[in-house]
1. Report relative contact order for chain A in percent, whole number only (criteria: Cα-Cα under 8 Å, sequence separation at least 6).
2. Please state the charge dipole magnitude for region A:554-604, taken about the Cα centre, from unit charges on C-beta atoms (+1 on K and R, -1 on D and E), reported in debye and rounded to the nearest 20.
3. Report ³J(HN,Hα) in whole Hz for each residue of region A:392-407, in order, from the Karplus equation J = 6.51 cos²θ - 1.76 cosθ + 1.60 where θ = phi - 60°; Gly and Pro get x.
4. Using a 10 Å cut-off on Cβ to Cβ distances, tally the other chain neighbours for every residue of A:621-629 and report the average as a whole number.
5. What does the average come to when, for each residue of peptide A:598-610, you count the partner chain Cβ atoms lying within 10 Å of its Cβ?
6. With θ set to phi - 60° and the Karplus curve 6.51 cos²θ - 1.76 cosθ + 1.60, what are the ³J(HN,Hα) couplings of region A:533-550 in order, to the nearest whole Hz, using x for Gly and Pro?
7. Provide the FRET efficiency to the nearest 0.05 for the residue B:31-residue B:173 pair, computing r from the beta carbons and using R0 = 41 Å.
8. Residue A:26 to residue A:391: extension gain in nm, 0.36 nm per residue of separation minus the Cα-Cα distance?
Amino acid sequence: MTSNSLVYLIALPLFGAAVLLLSGRRSDRWGHIFGTLMSAGSFAVGVSLFLKMLGNPTGERALTQKLFSWISVGSFQVDAGLLADQLSICFVLLITGVGTLIHVYSIAYMSHDLDRRRFFAYLNFFIAAMLLLVLGDSYLNLYVGWEGVGLASYLLIGFWNQKPTYATAAKKAFVANRVGDMGLSLAIMIAFATLGTVSFQGVKEHASQASTGSLTAIGIMLLVAATGKSAQFPLQAWLGDAMAGPTPVSALIHAATMVTAGVYLITRSNFIFDLAPTAQLAVAIIGAITLLFGAIIGMAKDDIKKALAASTMSQIGYMVLGAGLGPAGYAFAIMHLLTHGFFKAGMFLGAGSVMHGMNDEVNMRRYGGLRKFMPITFATFGLGYLAIIGVPPFAGFYSKDKIIEVAFNAGGVKGIALGTAALLGAMITAFYMTRVVILTFAGSKRWDDKAHPHESPFLMWAPMVLLALGSVASGFFFTHGNSLRNWLAPVVEATPSHEGELLSPAVVSILALVLVAIGVGYAIIKYLLNEVPQVAPADVTVFTKAARKDLLQDNFNEAVFMRPGQSLTRGLQVADTKLIDGAVHGIARLAIGSGNLLRKTQTGFVRSYAMWILAGAIALVATIWVVTL
Amino acid sequence: MIHQALAMGHTQTPEAVLFWVLGPLAVLSALAMLMVKKAVHSAILLAWIMITLAIFYIAQDAAFLGIVQVVVYTGAVMMLFLFILMLVGVESSESLTETIKGLRPIAIVAALGFGGLLVSLIGHATIGRAYVGLVDANAGGNVQALAGLLFSKYVWAFEVVSALLITAALGAMVLAHNHRLIQRPTQRDLATARFRGTSLARAAGLPGPGVYALHNAVDVPALLPDGTPSQASISATLKARGDVIDSRPFQLSAIENEEE
Amino acid sequence: MNPANYLYVSALLFTIGAIGVVVRRNAIVVFMCVELMLNACNLAFVTFARINGNLDGQVVAFFTMVVAACEVVVGLAIIVTIYRSRRSASVDDASLLKR
């Protein structure tokens with residue numbers, strides 16, 4: 001079905017960004033309201049489209065809109081078209097819904113910032129780009145949005161670019177994303193070379209004709225793209241530094257939406273991964289590694305935002321793991337993505353609220369006992385906490401347990417390994433999230449007298465309350481009667497498989513709950529019953545030191561990529577200056593030198609030239625003399 | 001007799017005397033031409049060499065060329081040289097010290113080598129060669145024979161050379177032509193300039209020399225009514241040459257005073 | 001007397017002229033030396049005509065004179081022009097090719 005209103009989803013925030021950026025200081029007074037309205041308008045369009053889709057029969061729900069013919073070169077035809085199917089609309093609602101809430105939150109959070117208008121312009125631009133990413137009907141259109149969100153992310157991480165470290169963090173995120181972007185562009189090129197088309201529909205139809213090898217190549221390249229954008233191992237290093245951006249940005253871009261684009265890409269490309277088992281297995285392994293990786297880093301971080309960022313990394317690891325488990329897992333990956341969007345955005349906003357009340361202090365060791373001063377923040381953060389560690393009936397319980405269950409049931413050694421990793425991750429998650437909550441809200445106060453903790457204004461806590469409601473109810477809502485799974489079925493072709501079931505859902509839930517209880521209990525013993533030092537203790541194990549340093553990922557990157565790269569460029573520079581320039585200058589010097597030698601013969605005096613003529617005449621006569629005698 | 005001697009390859013004694021007197025003289029004159037400082041002296045010496053050569057031509061049965069040599073070279077060309085020397089400055093003499101380092105020894109050594117080679121080649125080319133002489137060729141007269149050649153075999157070269165001569169004359173005229181950079185002032189311009197000048201005293205024209213002085217020569221400045229000499233009454237050329245006579249002795253009052 | 005002696009004189013005069021062209025600095029003197037070289041050539045031509053017994057040598061000498069006359073006319077005009085603009089007849093002063 002075609003629909004002409006799809007374009008308004010993107011056009012409204014894009015218009016907002018353009019107006020805010022082009023109108024300059026004139027819109028300083030009303031820019032934030034305007035940006036929020038544009039985002040809300042987009043959300044309204046999304047809801048109306050969703051209702052329209054609900055009214056259609058299952059097989060005919062997808063909406064399309066062709067905007068214009070973009071590329072028309074021989075057999076290569078790409079239209080700028082939009083596609084809103086069941087998968088896209090989930091994202092549309094998440095992006096515009098959470099996005100609008102965060103716009104509202106930012107009005108208050110950024111109220112003292114001189115550049116608030118620019119901030120809203122970037123936020124609107126991000127919403128537009130992200131919507132284009134999820135609404136594009138071909139890989140090429142998706143790629144445009146993909147780059148757009150990368151740019152928005154860069155601009156917003158470096159929003160306070162007057163601090164060099166923040167600007168560096170933005171650059172780091174951008175560079176790490178470029179590696180992934182290269183993977184995406186390669187995937188598109190391979191797809192075009194082997195299948196002759198880059199539209200989702202076309203690739204889906206022709207995928208079965210391609211060889212497994214090329215499909216695996218496409219899959220691996222798509223995975224590389226996903227690891228870049230979604231901060232998965234081994235391209236995860238940028239996410240922690242990305243917390244340099246304002247907290248609403250961390251909540252929206254680096255927790256709820258942009259970083260989940262990788263999961264969207266993999267789920268969207270299910271028709272490729274289902275035909276390329278090797279690539280699919282790689283996806284699952286990457287997810288499992290990252291979920292443990294992020295969880296371990298999360299245990300060691302004292303910066304509340306970095307701890308949440310590590311948690312984000314870990315939770316996206318769960319989603320990628322789910323997406324890597326094939327048709328059985330796609331729906332749960334998306335479900336976890338949506339629930340995570342609620343509770344993680346809520347917790348980030350809570351962290352922002354805490355920072356707002358604590359003079360932008362981010363070190364959790366200098367918080368403590370804040371629940372009395374910030375009751376609403378504590379309540380919403382606490383609900384998000386219960387959701388993420390997977391306590392029933394909160395959202396995380398439904399989505400995460402399902403992923404663990406599907407992992408165990410994947411079969412064979414693979415299933416046991418992946419399932420165990422996911423279970424272990426759940427336990428660690430429980431530990432570090434409990435640590436965050438205890439350090440922040442419980443215990444005795446550890447801040448100095450300069451801080452005056454207070455509850456945030458209404459515009460800030462209202463979005464937190466709404467997100468907290470989402471993190472309470474969304475899991476049940478999505479699972480009830482398999483609603484989300486059935487909704488997504490036409491896109492991901494999920495086939496509920498219970499054959500060869502290793503562990504039943506009940507067993508998995510009980511196992512997970514036991515492990516979560518262990519994690520929570522250990523954290524309570526360690527941080528609630530014992531005194532927490534204001535400065536991180538230095539006499540810790542090597543393992544903790546490594547975790548504090550993001551498991552040495554930066555050191556690894558520097559040693560393996562940066563230093564050899566620098567050596568290479570230095571070598572090339574030397575080769576350029578010595579060899580190439582040397583050759584060029586050498587020729588020039590030869591000409592100059594010979595010219596200088598010859599110049600000495602050119603005195604400018606007629607008589608010396610006459611002398612040369614005489615010499616020539618002598619030579620001539622001498623030749624005649626030699627020849628004739 | 002002369003013809004027989006020529007056939008034998010030897011000239012007769014009078015010619016030998018002529019040669020041995022004039023030949024060394026010509027070479028010495030040429031050397032002197034190089035060494036004298038003044039260009040005029042060089043020109044005189046060159047004229048002498050040319051006359052010598054004219055005599056040699058006549059001695060070698062080239063009477064026409066000998067006359068032409070005297071008329072064209074010694075007459076026209078050398079006079080042209082002297083005329084130009086006069087224009088450029090008879091006084092212009094150059095110091096004979098060399099300014100380009102090492103040029104003079106190199107030039108002399110090279111030229112001597114060159115001369116040696118030439119002499120050696122001439123010797124090689126002429127020793128043991130039979131001499132034909134011009135008796136047969138000049139049978140109908142030297143001028144007639146030359147004219148026959150010029151207007152038959154060499155008529156094309158003759159025409160080309162005549163064109164060259166005309167071109168050279170034109171070229172010399174073009175080179176000597178003096179381009180005027182600004183327009184020549186008209187009488188109107190001059191009159192305007194006189195009245196707009198610094199002083200109206202110039203408006204009526206310059207005083208003539210010798211006026212009110214007791215001397216009428218052009219090299220004596222005029223005396224103004226107040227008795228002072230006017231420098232404006234004297235030609236600038238005379239002033240530059242220093243040929244102006246002081247007019248004070250001719251002042252009326254001075255004379256009157258003397259008489260009293 | 002051997003007529004080849006005239007040739008030796010001719011060679012000597014030519015050599016002296018060549019030295020003069022290189023050594024002297026006054027443009028007019030240099031020009032005179034060139035004339036001397038031309039005259040030396042003419043003497044050689046006339047002598048060769050006599051030795052070989054035909055008048056072609058004399059005709060060539062005649063042409064040489066005409067060409068020399070042209071050369072003198074143009075060359076002296078150039079010298080006058082240079083002198084008018086530079087107030088000098090020294091060939092060393094006209095070394096603009098170098099500077």
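1. Worked out over chain A, it gives 12 percent.
2. Using only the charged Cβ atoms, the result is roughly 460 debye.
3. For region A:392-407, the Karplus curve yields x, x, 6, 4, x, 4, 5, 6, 6, 4, 5, 5, 4, 5, 4, 4 Hz.
4. 3
5. Mean number of neighbouring Cβ atoms from other chains: 6.
6. x, 6, 10, 4, x, 8, 7, 10, 6, 4, 4, 5, 4, 5, 5, 4, 9, 6
7. Calculated transfer efficiency: 0.65.
8. 126.5 nm
No value in this document is a laboratory result; all are computed from the given coordinates. This is a predicted model, so every value here is computed, not measured. Neighbour counts run over all protein chains shown; Cβ positions are idealised from the backbone, glycine included.
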